[in-house]
Each structure stands twice: as C-alpha cells, then as structure tokens.
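Remarks on the structure that follows.
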Amino acid sequence: MVRVGFDVGSLFTKALVVGEDRRVLARAVEATTTDVPGLTESMLAQLLEDAGIGIADVKGIAATGQGRRRVGFADVTKTDFTTFAWGAKLLHAPVRLVIDAGGQGVRVIEMDEWGMMTNFRTNDKCSSGTGCFLDTMSFALDVDQSDMGAVGRASLCAASINSSCTVFAESEVVSAVARGQSKSDIIAGLNTAVAKRMASLAKTLAVRGDVVFAGGVARNEQVVDLLREHINHRVVVPDDPHLIGALGAAILAPSTRRDQGVVG
C-alpha cells in the first residue's frame, strides 16, 4: 500500500507516491493551471501508472500548498508549514530550521528536536527572495532560470541591487545593463540580494542547528553558497528540494481513503 502527496504551488504543482518504507515510487511536476482539479486528477493517473499500481493500492492522499483545497479527491489537507517540516525531518533528521523559498513566498520554520514546528516567519516585502522574483529577472536578462546560479558564480564583481520590490529591482537591472555591467555581475547581485533577505528572515528566529533549504530557489547553487555565508550554520539542500512539501504531505496522508471514485 502507498500514500500520495500533492503540493499545489503558485507556479508548479508537485506530487509524489511513497511506499510503506517512505521510499519515493513515482513523482510528477507540472505547471499549475487555473484548472487545478483537472490537473491534479491527470497527475494522479500518471503517478499511478508510473508506479505500476491502481487506486485501490492507495491508503491515503494529502494535499498542501496554496491550491490544496482544490484537490477534491484529497482525503486531508495540510499547511505548507507542517508538510515542509515533516518532509525536511525525514530527509535530514538533525534539521532545526527549514527555509522554503517557493514561487511567491519565503517561509522560515523553526522546529524542535522531534520535528514539531515551534515558530515561523514569512516574507513581507513583495516577492523578494522568491522564484517569481528570480524568474522575472531571468526573463529581463534573457537567461534561463536554471542557469542563474552558474552565470552568477562567474561574476568578478557583483552588482549592487538594493530594492526589495520586483518592479523597482527590475528597473535597477535595466539601469545596470545600460551602464555596461555584465549579466554575470548583475545576476550575482540579484542572487546576493535574495540570499541576504532569506538569511535576515531566518535570523529573526533561533537558529540552533542544521538548516534545510527547500523550494525551487534552492536549486540555484549561488544562492545556496551565499546563504551558507550569511547564515553561518550548516545548510543542507536535499535532492529535489522543490518536492519536500509533497513528500511531507504524502507522509501525513491518512491510512484510510474516503470513497472518491477518482482514477479507476
């Protein structure tokens, strides 16, 4: 028997199937659409096919993320804070703080030694530090989002990006281009600004041990490097950090399904 977890984010919807031993049997990532019910039903069907199982083999389904309440066949919904804490704890047992930088939000979750959330913070300045922020900047610079870390690492002198607002920061980027600054220097400046803001948010809580960096932004290797410098604690980035919420949801799925009749 297996459990399924969905994380319906603002930009992407992630889903996992995990076995009794909590090993991932299948995974899927799709761009979030306005038709969340249809999207998640098709993703569930594909997950079951990939795992080589039927709906009768599913013990329970849980959903998290901004669109969690639109997953009609989910047996239970969980907050992002809960699922990211559980997912991070499974992947790295010593974790005491989780930084989740997703599409439109940054969350910092403080945990006790048993993995229970004790406090949290969220970003309160536009979309600074988020995937949406970096995606907007990558588009303005004509650089693929997945290359932002590598390009920034090639910089010899990071540009100064001071605005926390996406609109004003984009204006700073345009001005930097007009001054002849290289793309690598500009991107290094953007990555530095993102890392500093996340570190400042994390420091408003008690950082007592290992930090797990989750969410799509954690795939930007320069942001990871800079975050480690500014937070002065061990920062662990698991494989597929953008799937941690879905993993936590799968772990927290119930052991008995409601009769939904979805995906035969």
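Observations on the model:
- Partners of residue 196 within straight-line reach, counting lysines whose Cα lies under 23 Å from its Cα and excluding those fewer than 8 residues away in the same chain: 125, 183.
- Remark: relative contact order (the chain) = 26 percent; criterion is Cα-Cα distance under 8 angstrom and separation of 6 or more residues.
- Positive-end residue of 235, 28, 62, charge dipole of the chain with Cβ unit charges: 235
- Relative exposure of 110, 20, 41, judged by other C-beta atoms within 10 Å (fewest first): 20, 41, 110
- Charged side chains reduced to their Cβ positions (Lys and Arg at +1, Asp and Glu at -1) give the chain a dipole of some 700 debye around its Cα centre.
- Candidate cross-link partners of residue 89 among the aspartates and glutamates, defined by an alpha-carbon separation under 19 Å and a same-chain spacing of 8 or more, comprise 7, 20, 21, 80, 100, 110, 112, 113, 210, 239, 240.
- Full extension of the segment from residue 156 to residue 59, taken as 0.36 nm per residue of separation minus the current Cα-Cα distance, would add 29.6 nm.
- The chain - mean residue ellipticity at 222 nm from DSSP helices (-39,500 (n - 2.57) per run, n ≥ 4, rounded to 500): -11500 deg cm²/dmol
- Listed by Cβ neighbour count within 10 Å, with the fewest neighbours leading, 35, 21 appear as 21, 35.
- Highest-fluctuation residue, 180, 152, 216 considered, GNM on the chain with Cα pairs under 10 Å: 180
- DSSP assigns beta bridges within the chain; of those with both partners inside it, close to 60 percent run antiparallel.
- Extension gain from residue 11 to residue 112, taking 0.36 nm per residue of separation minus the Cα-Cα distance: 33.3 nm
- Other residues with beta-carbon under 9 Å from the beta-carbon of residue 256 carry, at +1 per Lys or Arg and -1 per Asp or Glu, a net charge of +2.
- Exposure proxy order (Cβ contacts within 10 Å, fewest to most) of 203, 78: 203, 78
- Region 204-260: C-alpha gyration tensor shape, a/c 1.5 cut-off, then a/b vs b/c: prolate
- Residue 77 long-range amide H proximity, modeled H, under 5 Å: 63
- Förster radius 35 Å - calculated FRET efficiency between residue 92 and residue 182 (Cβ-Cβ, nearest 0.05): 0.45
- Under the convention that each Lys and Arg Cβ holds +1 and each Asp and Glu Cβ holds -1, the size of the dipole of region 93-237 around its Cα centre is about 340 debye.
- Rounded to 5, percent antiparallel among DSSP beta bridges of region 93-237: 60
- Reported value for region 93-237: 90 Å³ per residue, from the convex hull of its C-alpha atoms.
FYI, it's all coordinate maths here, none of it is from the lab. Predicted model, so just to flag it, every value in this text is computed and none were measured. All Cβ positions, even for glycine, are placed from backbone atoms using ideal geometry, and neighbour counts span all protein chains on display.
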